[in-house]
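Novice: Can you read through this structure? Questions will come right after.
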Amino acid sequence: MARYDFRSPRLFVEAPLAAGARVALTAPHLHYLRDVLRLKPGDPVLVFNGADGEWRAALAEEGRRSASLLVEDQIRPQTAARDLHYLFAPLKRARLDYLVQKAVEMGASRLQPVVTRHTQAERVNTSRLRANAIEAAEQCGILALPEVAEPLPLFRALSALEPGRCLVFCDEDAPVADPLAALAAVRGADGTAPPLAVLIGPEGGFSEDERAMLLERDGVIRLALGPRILRADTAAVAALALVQAVLGDWG
């Protein structure tokens with residue numbers, strides 16, 4: 001059997017999952033399965049809830065306007081999320097959707113919007129962020145949903161980080177020429193990496209006082225992401241790929 005079953009539809013549900021459980025479908029889920037995918041009673045659906053692993057279920061129709069999923073057997077046990085916080089200055093709508101989806105795909109366990117001096121988006125819809133996180137998890141076989149935090153000013157977000165958490169601060173003005181070597185130096189003598197956080201700023205960059213505040217914190221790694229200026233959503237993917245390759249679960 002292949003590692004992932006990409007042929008069966010996959011849904012995030014709020015209900016507890018166990019063999020024999022029956023999960024009532026919400027109206028959007030029912031429309032998706034019955035009207036969009038044209039599934040019939042008995043057709044397989046994969047379900048997960050972020051706590052009980054992934055299960056195979058079968059569509060069970062209960063009437064024209066209602067249906068449920070009958071949970072059959074577990075196909076993957078729950079795995080713990082990588083302890084990787086992602087802090088980001090919110091962007092405007094479609095690009096923020098993309099940024100959140102890619103951060104989830106890249107293994108972020110916590111999404112923390114931060115408000116900086118040059119942040120573009122005036123408001124952040126955390127319900128929309130969570131919906132995008134769920135969609136990315138559904139499509140990419142992810143079992144653990146990231147926590148979606150309410151926006152915080154940059155200084156408060158930094159204060160909320162535990163003292164032992166290493167902060168990877170991506171800055172186009174950073175003098176570091178070899179980001180891989182800089183990240184590798186964070187590993188302890190036993191080869192393990194500390195808890196991590198990655199910070200991506202707004203399109204306009206960090207102000208000088210914000211940069212100074214960041215550099216005053218212990219355990220900060222200041223990185224440049226190559227010779228080109230990247231858009232914030234591109235920088236998110238580049239930074240998380242670097243971190244996962246050197247300190248994360250890609251190795």
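Novice: For the stretch 231-251, which positions are acidic (Asp, Glu) and either buried (at least 19 other Cβ atoms within 10 Å of the Cβ) or under 23 Å from residue 90 (Cβ atoms) (or both)?
Specialist: Of everything in the stretch 231-251, just one residue is acidic (Asp, Glu) and either buried (at least 19 other Cβ atoms within 10 Å of the Cβ) or under 23 Å from residue 90 (Cβ atoms) (or both), namely 233.
Novice: Of everything in the stretch 162-185, what is β-branched (Val, Ile, Thr) and closer than 21 Å to residue 83 by Cα? Give them in sequence order.
Specialist: 168
Novice: Within 26 Å of residue 93 (Cα to Cα), of a type in the set (A, V, I, L, M) and either in the same structural domain as residue 178 (by TED's automatic domain parsing) or assigned to a helix (DSSP H, G or I) (or both): is that true of residue 214 in this structure?
Specialist: It is false that residue 214 is within 26 Å of residue 93 (Cα to Cα), of a type in the set (A, V, I, L, M) and either in the same structural domain as residue 178 (by TED's automatic domain parsing) or assigned to a helix (DSSP H, G or I) (or both).
Novice: Give the residues of the stretch 173-183 that are in a loop (DSSP other than H, G, I, E, B) and either crowded, with 16+ Cβ neighbours inside 10 Å or touching a helix residue (DSSP H, G or I) at 6+ places or on another chain (Cβ under 7 Å) (or both), sorted by residue number.
Specialist: 174, 176
Novice: Collect the residues in the stretch 221-230 that are at pLDDT 85 or above and surrounded by fewer than 17 Cβ atoms within 10 Å (Cβ to Cβ), keeping them in residue-number order.
Specialist: The answer is none; no residue qualifies.
Novice: Next up: In the stretch 42-65, what residues are among the acidic types (Asp, Glu) and in a strand (DSSP E or B)?
Specialist: Within the stretch 42-65, 54, 61, 62 qualify.
Novice: List the number of the failed condition for residue 228; all other conditions in (1) without any contact (Cβ under 8 Å) to a residue 12 or more places away in the chain; (2) outside any helix (DSSP H, G or I); (3) under 18 Å from residue 104 (Cβ atoms) hold.
Specialist: All conditions pass for residue 228, except number (3).
Novice: Given the conditions (1) touching a helix residue (DSSP H, G or I) at 6+ places or on another chain (Cβ under 8 Å); (2) at pLDDT 95 or above; (3) of a type in the set (Gly, Ala, Ser), which single one is not true for residue 18?
Specialist: Condition (1) is where residue 18 drops out.
Novice: Also, I was wondering about something else. What is the number of the single condition among (1) surrounded by 13 or more Cβ atoms within 10 Å (Cβ to Cβ); (2) among the acidic types (Asp, Glu); (3) more than 15 Å from the chain's Cα centre (by Cα) that residue 216 does not meet?
Specialist: Evaluating residue 216 over (1) surrounded by 13 or more Cβ atoms within 10 Å (Cβ to Cβ); (2) among the acidic types (Asp, Glu); (3) more than 15 Å from the chain's Cα centre (by Cα) leaves (1) as the failure.
Novice: I'd like to know if the stretch 128-139 contains one or more residues that are in contact with a His (Cβ under 9 Å, 6 or more places away or on another chain) and modelled with pLDDT of 90 or more.
Specialist: So far as the stretch 128-139 goes, no, none of its residues is in contact with a His (Cβ under 9 Å, 6 or more places away or on another chain) and modelled with pLDDT of 90 or more.
Novice: Turning to a different aspect of this structure: Can you pull out every residue in the stretch 9-41 that is in a loop (DSSP other than H, G, I, E, B), on the phi < 0 side of the Ramachandran plot and surrounded by fewer than 16 Cβ atoms within 10 Å (Cβ to Cβ)?
Specialist: Of everything in the stretch 9-41, those that are in a loop (DSSP other than H, G, I, E, B), on the phi < 0 side of the Ramachandran plot and surrounded by fewer than 16 Cβ atoms within 10 Å (Cβ to Cβ) turn out to be 14, 15, 16, 18, 19, 26, 37, 40, 41.
Novice: Please verify whether the stretch 88-101 includes one or more residues that are surrounded by 16 or more Cβ atoms within 10 Å (Cβ to Cβ), at pLDDT 90 or above, farther than 30 Å from residue 164 by Cβ and among the hydrophobic types (A, V, I, L, M, F, W, C).
Specialist: No, the conditions are met nowhere in the stretch 88-101.
Novice: Which condition number does residue 68 fail, the rest of (1) in a loop (DSSP other than H, G, I, E, B); (2) farther than 30 Å from residue 246 by Cβ; (3) among the hydroxyl-bearing types (Ser, Thr, Tyr) being met?
Specialist: Failing condition for residue 68: (1).
Novice: Another question, if that's okay. How many residues does the stretch 75-94 contain that are within 12 Å of residue 237 (Cβ to Cβ) and of a type in the set (D, E, K, R)?
Specialist: So the count comes out to 0.
Novice: What residue, of 186, 243, 198, 168, is part of a helix (DSSP H, G or I) and touching a residue at least 40 places away in the same chain (Cβ under 8 Å)?
Specialist: Within the list 186, 243, 198, 168, the selection yields 243.
The values are calculated or read from the model by the stated rules, or taken from the named source; none is laboratory data. Predicted model, so just to flag it, every value in this text is computed and none were measured. Note: ideal-geometry Cβ built from the backbone for every residue, glycine included; neighbour counts use all protein chains shown.
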